[in-house]
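See below for the structure under consideration.
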Amino acid sequence: MKNIANFLFEVGMLKRTPRSGFQFLGAGAESVAEHAFRTACIGFVLGSLSEAAGEGTIDRDRLLRMCLFHDLLEARTGDLNYVNKKYVKVDNEKALAELASGVPFGDELSLLIKEFELGQTKEAVLAYDADQLEMILALKEYKDTGSPYAEEWLGFSMKRLRTGVARKLAADILETDSSLWWFSDKSDWWIRGK
């Protein structure tokens, strides 16, 4: 149980691990844990949409677990942005081996993370797209609040999408005001609160 307690403390480190790329936008901050949570929600949506589009059965449970744990190693390695990755090489295999050792579900975590990194199964491709869509959503939010660099980043992020369902969803994201979900009713409620 001590190893499991340590694992859960390590997972908690993701709440304090910043996504380092946002510093280049000049504003905004997000933790790896925040990113992983929305990525998992997006994975759920993509799995549902993919099945509804007739693209075959998706193991949505595995997809969700992949999305949830895809950046787990960043508790040990930190989040490297694209500039960092030009110069720094991370030993992900060592980080994964050490993270997985000593916990009864270590083999399962290792398989999920490796499957995500290989990107060859339907679930891994959807998890990858969920990861990219989370970035697209964040960039759209920054664009809507005036970040001058978010638009350029969006173009690169859109090119990374691998599935038709993710590209369609991304197109709708770009056409939707990020505050519309809560501010669409512009009635007297906003004046009186009733």
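The values are calculated or read from the model by the stated rules, or taken from the named source; none is laboratory data. Since we're looking at a predicted model, the values are computed, not measured. Cβ sites come from the backbone with ideal geometry, for glycine too, and all protein chains shown count toward neighbours.
Listed values, structure above:
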quantity	calculated
Segments classed as helices (runs of 4 or more DSSP H), wholly inside the range 76-143, with at least 1 members that are in contact with a Lys or Arg (Cβ under 8 Å, 6 or more places away or on another chain) and under 30 Å from ILE4 (Cα atoms)	92-100, 106-118
The one condition in (1) within 19 Å of GLU74 (Cβ to Cβ); (2) in contact with a Ser or Thr (Cβ under 7 Å, 6 or more places away or on another chain) that LEU133 fails to fulfil	(2)
Criterion violated by ASP61 - all others in (1) over 21 Å from ILE173 (Cα atoms); (2) surrounded by 15 or more Cβ atoms within 10 Å (Cβ to Cβ); (3) modelled with pLDDT of 95 or more satisfied	(2)
Test for LEU25: is it modelled with pLDDT under 95 and either over 15 Å from LEU112 (Cβ atoms) or in contact with a helix residue (DSSP H, G or I) (Cβ under 6 Å, 6 or more places away or on another chain) (or both)	yes
Candidate set from the range 165-194 (those that are of a type in the set (Gly, Ala, Ser) and in contact (Cβ under 8 Å) with a residue 24 or more places away in the chain); member that is farthest from PHE22 (Cα to Cα)	ALA166
Test: TYR142 is farther than 19 Å from ALA40 by Cβ, surrounded by 15 or more Cβ atoms within 10 Å (Cβ to Cβ) and touching a residue at least 60 places away in the same chain (Cβ under 8 Å)	yes
Test: residue in the range 38-51 that is closer than 14 Å to VAL11 by Cα and either of a type in the set (Asp, Glu) or over 11 Å from the mean Cα position of the chain (by Cα) (or both)	no
Looking only at the range 132-156, and only at residues there that are acidic (Asp, Glu) and within 14 Å of ARG19 (Cβ to Cβ), the one that is modelled with the highest pLDDT	GLU134
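Yes/no per residue for (1) out of contact with any Gly (no Cβ under 9 Å at 6 or more places or on another chain); (2) without any contact (Cβ under 8 Å) to a residue 60 or more places away in the chain:
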| residue | (1), (2) |
| --- | --- |
| SER20 | no, no |
| SER31 | yes, yes |
| PHE37 | yes, yes |
| GLY43 | yes, no |
| GLY47 | yes, no |
